[in-house]
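Written out below as structure tokens is the structure these notes cover.
Read the figures in this text as sums done on the coordinates, not as results from a lab. The structure displayed is predicted, hence computed values, not measured ones. When we count neighbours, we look across all protein chains shown, and the Cβ atoms used for this are built from the backbone with ideal geometry, even at glycine.
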Amino acid sequence: MTSRSGNDNTFAVIGAGMSGVLAGIKLMEAGYPFQIFEKADRVGGTWRENTYPGIACDVPSHIYSYSFELNPDWSEFTSPGSEVQEYFERVSKRYGVDSHIRFNEAVTRCTWMGDRWEIETEKGTVEHFRWVIAATGILHHPKYPNIDGLADFEGPMFHTARWDHDVSIEGKKVGLIGTGSSGVQITAAVAPEVEKLSVFQRTAQWIVPNERVVYTEEEKEAFRTDADLLRTLHTEMSTAFNDGFATSVIDGNSELLDDIQARCLEALETVQDPELKEKLRPTYKAACKRLVVSHNFYDAVQRANVDIVTADIERIERNGVRAGGELHELDILVLATGFHVDAFMRPMNITGRNGIILDEVWKDWPSAYLSIAVPEFPNFFMLNGPNSPVGNFSLIQTAEMQFDYVLKVVDHINQGNLDLAVISQEAYERFDAERYEAAKGTVWATGCNSWYLDNNGVPFAWPFPFSRFRAEMEAPKLEDYEPAKR
Ligand code: N01
């Protein structure tokens, strides 16, 4: 058996967000040498980049934690983004991952050299690694809207993931394009600060009302002193989430989704002005688009200084946005217009076996066997890659399970059973065809436009139950890997 610690067993991990830090901790635990490449100067990924007012986790914090590092100190049921960022920074330091991270060093090229990967970074360094784990995330390439005149706006204008904290919004006329999770959180947070907020809503959203729960000092102390209490809470929340919501979204006719929609409608009823209420009423099934969770959006939009503009945007002008023939004058324009969710590790140049280029393989839409592996890209794995359960389970739990899968495959190869980990074309196509069929029965395919859809309008997220995901991750089907052809 090859030793795990040998130099020829070195991993390159790309990205030091939630899943890259996780990979570092787990590789260290397993005794594999590794190097993490991070384009920015800090860990945290999406939580480092998204600092907009009101940012908070929309998944309960006690599930949005590593299972091996539960956090008794979450301040709220769904804690602010800055706390999530601090959590990742703290955990990365505590486990000694930081010293393995090459900050400010984006990977520009990965080329398969026949028995290892050659990795080049923006600094021009070229190194070789036996294994690559791409932990590059999904929601990190800002999508700017294709609206006439975007460049003509003369005031400050920025995407939500590039919030400019040097610009004060206080007492200003602010325009906000987009009402996804980011737009909704921003609306609630900035409405009391600004002179006027014009929210440009193209499609009404289902808003799930949540009560704001702030943990008391006594509760946090109990979590600190009673590890079982915290562990039980984590387990109960995860089980409820995976057996409940995660199961309902893959069944477009689920009763639970009807219950959720009823709760959303009740919340919508709190909007007093009938005209505004109708503007905010969605015309598709709840959870078709990703549900937006908020306890204060409907309060915010009923303020006298907030205007929900549903007329089509015609163009952006020097001093505002023209919609429905009317110019909405603005000092600042915020683009809450989402992300390019099909980019993954790109624009990195990734060339696999036989000179096959990933960009070519993914020219229609990215896909991967079990969201982890792509044929012709040996020893290359992804965490939260294409077809991952982005709309179903906790992304942290997903990444942990995916990592365990990767380690099992790598160990299998190190035991001399295979030369390389190359998923077979047949297994990839079989999985993809099954996934594609199953996707059509999910709530995401019930007739709405959302970032869950590929270019053909078919949802790309994991369309099977949690039990299948767990089974696939716990026991890799090693027969789906090719015998090596170098
Ligand atoms: O982006 P989105 P997001 N003209 O793609 C509109 C995660 N997240 O940043 O619905 C006018 O959801 C677009 O309109 P429509 C979470 O997974 C997590 O809000 O397509 N409007 C939509 O309203 C989330 O789902 C958290 O008609 C245009 C909006 O922009 C994901 O990130 C917080 C337009 C885009 O919504 C993405 O959320 C925030 C145009 N040309 C986000 N183009 C936490 O848990 C787009 N829109 C912290």
query = Check THR108: other-chain or 5+ apart residues with amide H under 5 Å from its amide H, H built from backbone geometry?
reply = GLU120, THR121, GLU122
Rg/Rg_ref, region 181-280, where Rg_ref = 2.2 N^0.38 Å and atoms are Cα = 1.45
message = Tell me the net charge near GLY178. Cut-off is 10 Å between Cβ atoms, GLY178 excluded, with +1 for each Lys or Arg and -1 for each Asp or Glu.
response = +2
ask   = Evaluated at 20 °C with a viscosity of 1.002 mPa s, what Stokes-Einstein diffusion coefficient in µm²/s does the chain have when Rh comes from the Kirkwood expression over alpha-carbon pairs?
value = 90 µm²/s
ask   = Where the centroid of each part is defined by its Cα atoms, how far is region 104-155 from region 226-255 in Å?
value = 34 Å
task = For every helix of n ≥ 4 consecutive DSSP H residues, a contribution of -39,500 (n - 2.57) applies; sum these over the chain, divide by its total residues, and give [θ] at 222 nm rounded to the nearest 500 deg cm²/dmol.
result = -9000 deg cm²/dmol
Sparse-neighbour loop sites [chymotrypsin sites (Phe, Trp or Tyr not before Pro); region 86-139; at most 14 other C-beta within 10 Å; DSSP] = PHE103
task = Identify the GluC sites (Glu not before Pro) of region 251-293 meeting these criteria: DSSP loop state and at most 13 other C-beta atoms within 10 Å of the C-beta.
result = GLU269
Cross-link partners of LYS123 among aspartates and glutamates (Cα-Cα below 18 Å; sequence separation of 8 or more within a chain) = GLU38, ASP41, GLU105
note = Everything considered on the Cα gyration tensor (a ≥ b ≥ c; rounded for a/c under 1.5, else prolate if a/b is larger than b/c, else oblate), region 204-258 must be described as oblate
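Could you state the orientation-averaged shadow area of the convex hull built on the Cα atoms of region 358-486, in nm² to one decimal?
7.8 nm²
Cα convex hull of region 413-478: mean projected area in nm², to one decimal?
It is 5.8 nm².
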Distance histogram for region 193-349 (every C-alpha pair counted, 10 angstrom bins, percent rounded to whole numbers) = 8, 26, 28, 24, 12, 2, 0
ask   = Can you run phi through the Karplus equation (6.51, -1.76, 1.60; θ = phi - 60°) for region 278-291 and list ³J(HN,Hα) in whole Hz, with x for Gly and Pro?
value = 5, 4, 8, 8, x, 10, 9, 6, 4, 6, 5, 7, 4, 5
request  = List the cysteines in the chain whose Cβ has no other cysteine Cβ under 4.7 Å from it.
outcome  = CYS57, CYS110, CYS264
key: Per-peptide average of other Cβ atoms within 10 Å, ordering 147-159, 399-411 highest first   = 399-411, 147-159
task = Arrange the peptides 210-222, 329-341 so that the one whose residues have, on average, the most other Cβ atoms within 10 Å appears first.
result = 329-341, 210-222
ask   = What translational D, rounded to a whole number of µm²/s, comes out for region 1-117 from Stokes-Einstein when the hydrodynamic radius is the Kirkwood one over Cα pairs, at 10 °C and 1.306 mPa s?
value = 103 µm²/s
query = By how many degrees, between 0 and 90 and to the nearest 10, does the Cα long axis of helix 425-439 differ from the longest principal axis of the chain?
reply = 20 degrees
note = Sequence order, region 17-26: Karplus ³J(HN,Hα) from phi using 6.51 cos²θ - 1.76 cosθ + 1.60, θ = phi - 60°, Hz rounded, Gly and Pro as x, gives x, 3, 7, x, 5, 4, 4, x, 4, 6
key: log₁₀ of I(q)/I(0) at q = 0.19, 0.20, 0.28, 0.30 Å⁻¹ - region 57-117, Debye sum with one point per alpha carbon   = -0.78, -0.82, -1.16, -1.24
query = For region 107-203, what is one quarter of the convex hull surface built on the Cα atoms, given in nm²?
reply = 9.8 nm²
